[in-house]
Each structure stands twice: as structure tokens, then as C-alpha cells.
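Only one structure is covered here, and it is reproduced in the block below.
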Amino acid sequence: MNPLLNHAFDPEEFRREGHQLVDLLTSYLHDCRDAKTMPVLPPSLPDDMLDFWTRDLKNSGFNLQEFYQTLISQSNHIHHPHYVGHQVVPPAPLAALTELLEALLNNGMAIYEMGPAATAIERVVLRWLAEKIGMNDQADGVLTSGGSAGNLTSLLAARQAMSGYNVWDDGAADDSKLAFMVSEEAHYSVARAARIMGWGEKGIVKVPVNSRMQLDASKLEETLTNAKDRGLKVIALVGNACSTSTGTYDPIDEMADFAEANGLWFHVDGAHGGAAAMTEKYRHLTKGIERADSVVIDFHKMMLTPALTTAVLFRNGQHSYETFAQKAEYLLSSEAKKPWYDGAGRTLECTKKMLGVKVYAMIKLYGDKLFSDYITTTYDLGQTFAGLLKNEKGFEPAVQPDGNIVCFRYHPDGFTGDINKLTAALRKKLMDDASFYVVQTNVAGQTFLRVTFMNPFTTEQDLSALLNLVKKLAS
Ligand SMILES: Cc1ncc(COP(=O)(O)O)c(C=O)c1O
């Protein structure tokens with residue numbers, strides 16, 4: 001036996017290193033929970049970081065546990081209660097542990113025989129989610145690798161179902177000017193899907209937003225008429241549940257009415273906030289989501305799952321078979337009735353991770369309540385923070401938040417300079433300080449700080465500490 005290969009597959013070394021890694025990660029999780037003095041971000045200049053790892057690769061000698069430790073210290077600490085940056089969830093630790101199992105089993109999932117249990121589990125998880133958001137048993141879909149892939153998958157299905165000809169097999173008709181309508185607050189992956197489909201910028205018809213950055217439903221009629229007058233064939237309407245930048249929800253139910261009345265496919269990008277449909281308290285924000293033709297929900301945003309795990313649900317499950325209708329005969333059954341269990345016919349991926357397994361483990365371990373408790377807790381933090389902003393002099397929210405994303409800025413009394421420049425400078429100082437991770441965004445042409453409460457252990461005291469830090473840095 002080749003000694004190197006033998007070493008690489010040594011089960012006992014796996015056991016030894018694995019136990020040590022779990023101990024290391026356990027201490028790390030304790031540090032994140034307890035040690036608020038620990039910075040949220042590592043010192044990080046891109047060129048320095050590249051230099052470090054370039055040199056490290058050339059160094060002789062390597063200790064796996066030291067490598068793990070170094071990697072932790074150079075990474076963002078998502079489990080730290082002061083991590084209020086981008087929409088990345090601190091995964092439930094046992095979901096991460098389950099991912100280790102998935103990584104080692106590595107069943108490919110393109111077709112049933114490549115991942116039997118994981119294929120069935122994926123379907124069970126999708127059915128479970130469809131029911132939780134109020135869809136009936138006609139719903140079906142796929143798990144895919146991220147919300148961007150999910151939006152593309154949904155919009156490809158919309159195109160195939162609504163273009164009026166077989167665009168998948170025959171290619172785009174020269175004279176077809178297909179388009180969809182969406183607010184300007186949509187995630188860029190929605191516009192990118194239109195461009196990938198070859199529609200260019202004209203394929204994205206922007207519906208104006210109101211002062212809360214929600215799609216203004218009163219403008220739908222006029223926008224559609226104008227698009228038709230320009231010779232566009234609008235096939236779909238896309239709603240944000242919620243938008244990435246400000247976290248506000250479009251009027252989903254009203255949009256469903258409009259789509260229905262005008263024969264449009266209705267897609268809901270619920271990558272971040274679609275799962276709020278599972279909560280008592282915030283369900284109203286997603287009212288009508290069950291009427292959508294397609295819905296995307298990221299488990300790796302508001303459902304405690306390591307990235308990437310995205311559900312694409314179709315209200316009429318048959319549509320999920322049309323998205324990628326082309327045959328790959330060596331993999332896929334060519335029978336007319338497509339079997340539910342050969343996933344590659346319905347996803348962008350051929351080989352796919354065993355995406356549903358960790359979600360299934362969480363449902364069984366903790367019950368559905370885990371997800372609604374998590375969403376409710378983090379959305380409540382959004383309301384708490386909005387209350388603090390109101391009571392603290394000088395702070396202004398961009399919009400009243402719906403959920404756990406809040407945009408705000410500090411406008412001290414008597415400040416007459418450029419507020420956008422001040423806000424950008426403050427964000428830079430916050431990054432240098434590294435005790436909180438806060439990002440920056442643009443709302444209606446104005447610069448704002450943006451926080452997303454992803455950690456259910458962030459407290460009101462943490463939020464007050466953030467506002468105090470902003471004031472201190474501004475002075
Ligand atoms: C509303 C929305 N849609 C889609 C995406 C893209 O999701 P992913 O990062 O999983 O590709 C995001 C990511 O932030 C998002 O907020």
C-alpha cells in the first residue's frame with residue numbers, strides 16, 4: 001500500500017484530530033459567547049493576508065491543530081454577539097457537526113442512486129418547508145447552493161412556463177423582448193438572472209418604491225402599461241421578502257393579486273425573510289407568500305444552517321421539472337413522467353452536497369419551534385434597536401425596520417458637514433476598532449450604517465454599547 005495514501009486515510013488519525021478539533025471549536029464557542037472583549041473581526045488587510053498565506057505555504061512543517069487555531073484567529077467571528085454585519089447566520093453547532101458527516105459520506109445527489117437517503121431527506125425537508133409557509137401538497141422544488149442560484153432557477157422556470165414558446169430547446173426568439181418587473185431594492189442576483197438569460201438591462205423593469213423602500217403597489221399598473229408600450233413582454237413579477245439593504249418587505253399579497261390579474265408569474269425572493277412565515281409574530285409580513293408561483297428561502301440566512309442551503313419551492317411542483325428540460329441521457333431517465341428522485345434534472349448542480357441532511361437533523365432535534373424562536377428573537381432585536389435609535393439624540397433610522405435589518409446613521413447636533421462622508425468615515429473607524437462588525441449601505445442615495453441581528457445572544461446592552469461606540473468615534 002502507498003504509505004502516503006495510507007496516512008491520508010488513517011481512521012485513527014481522523015479520530016485523534018477530530019476529537020481535538022471538536023474541543024477547539026467548543027472552547028471557541030464559549031469564547032464567542034463570553035468574551036465580548038475578543039474582537040469580532042481579525043486584523044485584515046487583503047495584501048497582508050495574502051502575503052501571510054503565501055509564505056505559510058512555503059514554510060516547512062505543518063501542524064493541523066495549529067492551522068485550525070490560526071484560521072479561527074484570522075476569521076470573522078460570526079458567533080460573537082457583536083457580529084451585526086452581513087446576513088450570515090451563526091450556524092447551530094450540531095448543524096455544523098452534521099455537515100461533517102455529509103462531507104465525509106459525500107454522496108453526490110445528481111441521481112437517486114448516488115445519494116439515496118439524502119435524496120429522500122431533501123424531499124421531506126422541502127415538503128416540510130412548503131407546508132410551513134402555507135403551500136399545499138402540490139408544491140415541490142429543489143435544494144440548491146445559494147439564493148442567487150435559487151433566484152436563477154426560479155426565473156428560468158418562469159421563462160420556460162410563460163414565454164409562450166419552447167425557449168429552452170429552441171433558444172430565444174429574435175423578436176421576443178421578455179422582461180420581469182421588480183423593485184429597485186431587489187438583490188442583484190435577480191437582475192443578474194435576467195442578464196444571464198440574455199435579456200440585458202431592458203429585461204428588468206423597475207417598479208418604484210415608497211418611502212419605506214417597499215415596492216409601491218399603486219405603481220404596478222402604470223409600470224406594466226409603460227413596459228408594454230415599449231414593446232416588452234413582461235412575464236413575471238418579483239417580490240422581496242425582504243429586501244437586502246433595508247430589510248423591508250414588499251406588499252406580497254397585493255403583488256400576488258396583481259400577478260394573478262395580469263397573468264404574470266409571481267416569484268418571491270424570500271432568501272432572507274421568507275421563513276418569517278413560520279412565526280406567529282412576524283407571519284403577517286409574508287402574507288400571500290403561499291400564492292407565489294416560486295419562492296426562494298435560504299436556510300443559511302434565517303434558519304441556523306451552515307452555508308449554502310437554499311430551498312426553491314414551486315406552488316405547482318410540476319414547474320420544477322421544466323426549468324432544465326434538457327436531457328442528459330447517461331444520468332437521467334428519459335421516461336416521459338419524470339421521477340421525483342433524480343435531482344440533477346431540476347437543479348443547476350450535477351454533483352450536489354447532501355443539503356437537506358443538517359436541516360432534517362435540526363427539525364428532529366429541536367422541532368419547528370427552533371426556527372420560529374430564532375427568527376422572532378432576532379426580529380425583536382430589530383424593534384429594540386429601532387426603539388433605542390428613537391430615544392438617543394442624533395440617531396436616525398433610514399426606515400422603520402420590519403425585521404432584523406436596520407439602517408441608521410448618526411447626525412450629531414450642530415453638524416453642518418457632509419453627513420454621507422461622516423457616515424462613511426464612521427464605518428471605517430468601526431472597522432478599525434473591530435469590536436463590532438457593522439456594514440454600510442446606500443438608501444435612496446444616502447449613506448447609512450447597516451446592522452443585521454443574526455445572533456440570538458446579542459442583547460439590548462450590546463446594542464446600547466454599539467450606539468455609545470458610534471458616538472465616541474464620531475467625536
Ligand atoms: C434578498 C436576497 N436574495 C438573494 C440573496 C443571495 O443569496 P446567496 O448569498 O445565498 O446567493 C441575498 C443575499 O444576501 C438576499 O439578501
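The values are calculated or read from the model by the stated rules, or taken from the named source; none is laboratory data. Computed from a prediction, not measured in an experiment: that's the story for all the values here. Heads up, the Cβs are rebuilt from the backbone with ideal geometry, glycines too, and the neighbour counts pull from every protein chain shown. These accessible areas exclude ligands, DNA and RNA; they are computed on the full protein's heavy atoms, side chains included. Shrake-Rupley method; radii C 1.70, N 1.55, O 1.52, S 1.80 Å.
Points to keep in mind about this one:
- Test: residue in the range 274-285 that is assigned to a helix (DSSP H, G or I), within 14 Å of the ligand (Cβ to nearest atom), farther than 30 Å from Trp340 by Cα and open to solvent by 10 Å² or more (accessible area, probe 1.4 Å): yes
- Scanning the range 239-258 for residues that are out of contact with any helix residue (DSSP H, G or I) (no Cβ under 6 Å at 6 or more places or on another chain) and in a loop (DSSP other than H, G, I, E, B) yields Cys242, Ser243, Thr244, Ser245, Thr246, Gly247, Thr248, Asp250.
- Looking at the range 122-223, the helices (runs of 4 or more DSSP H) lying wholly inside it that each contain 3 or more residues that are under 24 Å from Ser245 (Cβ atoms) and either open to solvent by less than 10 Å² (accessible area, probe 1.4 Å) or among the polar types (S, T, N, Q) (or both) sit at 147-162, 188-196.
- Pair list, Cβ under 6 Å, 6 or more apart: the range 136-147 residue over 8 Å from Val312 (Cβ atoms), other residue open to solvent by 50 Å² or more (accessible area, probe 1.4 Å): Gln138/Asn316; Ala139/Arg315; Ser145/Leu308; Gly146/Leu308
- Residue in the range 61-92 that is farthest from the chain's Cα centre (by Cα), counting only those that are open to solvent by less than 70 Å² (accessible area, probe 1.4 Å) and among the hydrophobic types (A, V, I, L, M, F, W, C): Leu64
- Contacts under 7 angstrom Cβ, first residue in the range 12-35 being surrounded by 11 or more Cβ atoms within 10 Å (Cβ to Cβ), partner assigned to a helix (DSSP H, G or I), 6 or more apart: Glu17/Leu64; Gln20/Gln65; Leu21/Tyr68; Leu24/Gln65; Leu24/Tyr68; Leu24/Gln69; Tyr28/Ile72; Leu29/Pro93
- Yes/no for Ala95 being among the small types (Gly, Ala, Ser) and buried (at least 20 other Cβ atoms within 10 Å of the Cβ): yes
- Exclusive hit being out of contact with any Cys (no Cβ under 8 Å at 6 or more places or on another chain), within 16 Å of the ligand (Cβ to nearest atom) and at negative phi, set Ala161, Ala173, Ala193: Ala193
- Considering the range 450-470, and only residues there that are in contact with a strand residue (DSSP E or B) (Cβ under 6 Å, 6 or more places away or on another chain) and among the hydrophobic types (A, V, I, L, M, F, W, C), the residue that is nearest to Asn404 (Cα to Cα) turns out to be Val451.
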